[in-house]
Amino acid sequence: MKVKKFIGSSMSEAMKQIRAELGSEAVILNSREVVTGGFLGLFKKRTIEVIAAVDPKSTQQQIPTTKQKKIITPITEKSEWKPQPVPQDIQPIEPKPSSDVIKEISELKSLMKTMSVQNNGFSPAYPAAVQIMQKRLNDQEIDSSIQESILSSLLEKWYIAGANASIDKVYTWLEQELINRLNDIPFGGVSFSKKYINVVGPTGVGKTTTLAKIAAECVINYKKRVAFITTDTYRIAAIEQLKTYAKILNIPLEVCYTIEEFKKATEAFMDYDLVLIDTAGRNFRNKQYVEDLKKVIDFDKDIETLLVLSLTAKQRDMEDIYEQFSAIGIDKFIFTKADETSTYGAMYNMINKYNKGVAYMTNGQNVPDDMIAANPHALAKTIIGVENNERSS
């Protein structure tokens, strides 16, 4: 694939240059008007910039040569054809792009990156199908550096496929690219590898409800013996809420005000399969809050800590929350309120930035229904839009 930029005073002049240099089989990838020169806003010169491409192989195939002619022996009644055995050690060879094609794709990526900077992050030089993917990633507020990497890979696939891939095919590529970036990050809900599950996070993100959903899943689906410990002694309503869930699920509950009471509660629940720990939701900007957690919860136990974040929050706030709680060590995220937003890029950005997986996503208040164990495939489908009408939006 040969790609080149042409500049002319008009589109017809640019087309003449393209036909003269690339031939009639050239394809227009992008065109735009460029304004140059001028003095005090006057005498500006307007030109047309066109990016065109052609596959040298396709032009060569149209011109038959004597070398390409084959001598065909006529078949007579006496002719006999016998199939020739294929050696077993010969394996089919996968077609690979030539070094010239790879070089041209690399040059095109560099050109598009430059144009993207000039156009405030949106590159009109991308093929239409890739531009649709870029818009989707922009709408989902995926970090620009992640976008650049993903779009670069999509562009390469698009050209190798012959620049004729369907939009559904490009969506499939996008989904796979999103998944590939998460393959080495642990995902999934309670694995029962740790006996104690500690749930932390700021106020209002739904920690207590999420804890009840996890408990219901473990009791109903996995038939485990589960117990509750709550250290949220700042809100009486929170204790009463957890007591209600404990009564419905027939789960014991201990309220702990000090680390001594916490240790006694863990001894009382020694024979249980899983102990879920609820913590107070307070202003995450108050560093004393995290210090108070250390005074009540024994983090030397066989414990897994899940940080609960609301998808309705700003990414900057999510990052501040993570930095605050990182002092006690975070194993995975739980993202709540997925039903209250249509933008999920911050979740993807947080996973990539901190290399932490997701245990659960919640999308409502119903216990235990409105919760799913997270995995890269579900996350990718959430970002790109599972339904066709979501994809086209």
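The values are calculated or read from the model by the stated rules, or taken from the named source; none is laboratory data. Everything numeric in this text was worked out from a predicted model, so none of it was measured. Here Cβ is always computed from backbone atoms with ideal geometry, including for glycine, and neighbour counts include all displayed protein chains. Ligands, DNA and RNA are excluded from the accessible area calculation, which covers all protein heavy atoms including side chains. Shrake-Rupley method; radii C 1.70, N 1.55, O 1.52, S 1.80 Å.
Distance cut-off 22 Å, Cα to Cα: go down the list 294/332; 223/381; 195/353; 157/356 and report the pairs above it.
Check vs 22 Å cut-off fails for 223/381; 195/353; 157/356.
Scan region 202-245 for trypsin sites (Lys or Arg not before Pro) in coil per DSSP, keeping those whose Cβ has at most 13 other Cβ atoms within 10 Å, and list them by number.
Within region 202-245, the qualifying trypsin sites (Lys or Arg not before Pro) (loop, at most 13 other Cβ atoms within 10 Å) are 223.
Would you grab the residues whose amide H sits under 5 Å from the one on residue 371? Only those 5+ places off in sequence or on another chain, please, with H modelled 1.01 Å from N.
Those lying under 5 Å, H to H, from residue 371 are 363.
What accessible surface, in Å², does a 1.4 Å probe find on residue 319, ignoring ligands, DNA and RNA and rounding to the nearest 10?
In the full protein context, residue 319 sits at about 30 Å².
What does the charge count near residue 315 come to, summing +1 for each Lys or Arg and -1 for each Asp or Glu among other residues with Cβ under 15 Å from its Cβ?
-2
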